[in-house]
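Working notes for the structure below.
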Amino acid sequence: MGQVSNLEVVENVKANTDNRDDILVVNEDIFSHAKQTELENWKRNNVFVEEKDEGQKCISTRWVCTLKKTQVDIVPKARLVARGFEEINIQELPKDSPTCSSESLKMVILTLASLLFQLHLVALNAPQTGNMRGIRGADFLCFQQARAVGLKGTFRAFLSSKLQDLYTIVRRSDRNGVPIMNLKNQVLFSSWESIFSEDSNKMRENVSLYSFDGRDILRDSAWPEKMVWHGSSKKGHRQMDHYCETWRAGEHAVTGLASSLQSGRLLQQMPSSCSGSYIVLCIENAFTSPSK
């Protein structure tokens, strides 16, 4: 405490009040170096411009001096503060902080996100009945076909099952602000969350969904039924009576929930026979940088 050894503790200075705070009375000389450092910082950062004194009105300043306690010492600190309230015509100075609208902000965030982060939604290369050897069998097909075309992200089947809600497949941190893209990096949905929203659950118009081998599944005859398996409610929760017995049944009498891809929505509530051969989508469940 060599720098501030010239201290004196004065008790009960506020004699006219009920407060009994201890006050440090400090020799002002210990702040000389701190003040010099502050002035040098002002000059180095071009805080002010020197003007010739012609008697014009000036804004005064004051020093705010404090003692900062560190692990080994108590260090004097000094800050030079301008009294802005003395400014001439202060009422005419702009005080607003210009901001963009919430919609514009969303568009900016979406544009930046599409350049930096994205999740892909891609279809398996062939339609599937309700018997996919369970959710693990469907997940394995997604993983296998993604790796075959060089996609590095982890892909999971777009399905609810006995121990899995569709909504939870994507990590919580990636559900908002990360766009859902097709195989050609075109935006299908603004985010994973939007797929389950009442207002924005429709795919972008004129943007196609592709299979892993690059075919447009709405136009390609390999998928005669333009239906998508999901087994979920509109909010992405498992529907235990309608997921083809955990995606292990392909019998006509058993049903699973599906949606018409031609509607542009992925979660229509359409009970369908598990013997039908429908589209199975795969979602990348954690974002990756866009492919170069």
For the M107, Q269 Cβ pair and Förster radius 22 Å, calculated FRET efficiency rounded to 0.05 is 0.10
For L188, other-chain or 5+-apart residues with amide H closer than 5 Å (H placed, Pro excluded) are I180, M181, N182
Computed over segment 116-284, the Cα gyration tensor eigenvalues, each multiplied by 5 and square-rooted, give semi-axes in Å (largest first) of 22, 17, 16
Expected sort for 56-66, 254-264 on mean C-beta neighbours within 10 Å, highest first, is 254-264, 56-66
Simple SL model, points at 7 angstrom along Cα→Cβ for E50 and F117; separation in nm is 5.0
Residues whose built amide H sits under 5 Å from the amide H of D165, excluding neighbours closer than 5 in sequence, are none
In vacuo Debye sum over C-alpha of segment 224-292, base-10 log of normalised intensity I(q)/I(0) at q = 0.15, 0.22, 0.27, 0.28 Å⁻¹, listed in q order, is -0.50, -0.90, -1.21, -1.28
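Bear in mind these aren't lab numbers, they're just calculated from the coordinates by the rules spelled out. All values reported here derive from a predicted model rather than from experimental measurement. Glycine gets a Cβ as well: all are built from the backbone with ideal geometry, and neighbour counts include every protein chain shown.
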